[in-house]
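Would you mind keeping the following structure in view while I ask a few things?
The values are calculated or read from the model by the stated rules, or taken from the named source; none is laboratory data. The model shown is predicted, which means the values in this text are computed figures rather than measured ones. So basically every Cβ, Gly included, is an ideal-geometry build from the backbone, and we count neighbours across all protein chains shown.
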Amino acid sequence: MNRKTITLALTGASGMPYGMHLLECLLQSGQHVHLVYSQAAQIVAKQEMGLALPARPQDAKKMLCERIGPFNGELHVHGRDDWYAPMASGSNPGDAMVVCPCTMGTLGKIAGGISDDLICRAADVMLKEKRPLILVPRETPFSAIHLENMLKLSHAGAVILPPNPGFYNHPQSVQDIVEFVVARILDHLGVAQELAQRWGESRTSSD
Ligand SMILES: Cc1cc2nc3c(=O)[nH]c(=O)nc-3n(C[C@H](O)[C@H](O)[C@H](O)COP(=O)(O)O)c2cc1C
């Protein structure tokens, strides 16, 4: 199996269930994940999921491993100022990075090349090294500033993948909607997934 090394950054936008489910799927499918999250992400995780993300990386790793259960992958959790983390350098960027959910603030900093924390530095590294950077921006409506930043990042090579669910598969639950979005992210990462039915394919051979 071809394991990928993926940086996952959680920032303080609404949509933490997308980020947490993505983390589970990556680890359960055997990927190596370098996780980093902002202070605002800790607040949103508590608000949206009742999840207390510890400030100390080693505590976070323990808590997340217990929460997710057995998995084949590897989890590394880094502090926001851990400049010794592999993805802080172009010499060790890994295969891809996802910021999910991505705030307008972090998106603006990445668009402006402001690398003042590990999240923005790692994203900057992905862009300069021409590696896949997937941003899952969440806000509504978008201002002209948000839109210009997203266009700038798209031109710089990032994939702008807003968490907009499709309804053509008739989602029955919030989990279905979360899985739809996470499936699209996994597709862009090149990680095999069977979370959501693909258009033009049926789940059962008898259909
Ligand atoms: C419950 C909650 C929901 C939020 N939702 C969003 C959002 O959807 N998009 C956004 O850009 N900011 C949102 N914010 C505001 C950001 O968290 C705030 O701008 C923060 O400074 C972003 O920091 P970060 O980019 O380092 O995570 C939300 C804040 C809270 C507490």
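Take the residues in the stretch 9-34 that are within 14 Å of the ligand (Cβ to nearest atom) and within 19 Å of HIS78 (Cβ to Cβ), then tell me which one is farthest from the chain's Cα centre (by Cα). Quick ask: steps written out before the conclusion?
To start, the set of residues in the stretch 9-34 that are within 14 Å of the ligand (Cβ to nearest atom) comprises 9-19.
Checking the rest, the ones that are also within 19 Å of HIS78 (Cβ to Cβ) come to 9-12, 16, 19.
Values: ALA9: 6, LEU10: 6, THR11: 9, GLY12: 12, MET16: 10, GLY19: 5 Å.
Among those that are within 14 Å of the ligand (Cβ to nearest atom) and within 19 Å of HIS78 (Cβ to Cβ), it is GLY12.
Could you tell me how many of the residues in the stretch 119-143 are more than 11 Å from the ligand (Cβ to nearest atom), within 15 Å of the chain's Cα centre (by Cα) and under 23 Å from PRO17 (Cβ atoms)?
6
Here's something else I'd like to know. Considering the stretch 92-110 alone, what residues qualify as being without any contact (Cβ under 8 Å) to a residue 12 or more places away in the chain and either within 13 Å of ALA9 (Cα to Cα) or within 9 Å of the ligand (Cβ to nearest atom) (or both)?
Across the stretch 92-110, the qualifying residue is only LYS109.
Evaluate the stretch 21-34: report whether one residue or more is surrounded by fewer than 23 Cβ atoms within 10 Å (Cβ to Cβ), out of contact with any helix residue (DSSP H, G or I) (no Cβ under 7 Å at 6 or more places or on another chain), outside any strand (DSSP E or B) and not polar (S, T, N, Q).
yes
If a residue has to be in a helix (DSSP H, G or I) and under 27 Å from GLU179 (Cβ atoms) to count, how many in the stretch 123-164 make the cut?
Counting residues in the stretch 123-164 that are in a helix (DSSP H, G or I) and under 27 Å from GLU179 (Cβ atoms) gives 6.
Would it be correct to say that ALA156 is at pLDDT 95 or above, over 20 Å from CYS25 (Cα atoms) and among the small types (Gly, Ala, Ser)?
It is true that ALA156 is at pLDDT 95 or above, over 20 Å from CYS25 (Cα atoms) and among the small types (Gly, Ala, Ser).
Considering only the stretch 37-82, state which residues are without any contact (Cβ under 8 Å) to a residue 24 or more places away in the chain, of a type in the set (A, V, I, L, M, F, W, C) and away from the ligand (no atom under 15 Å from the Cβ).
Correct list: MET63, CYS65.
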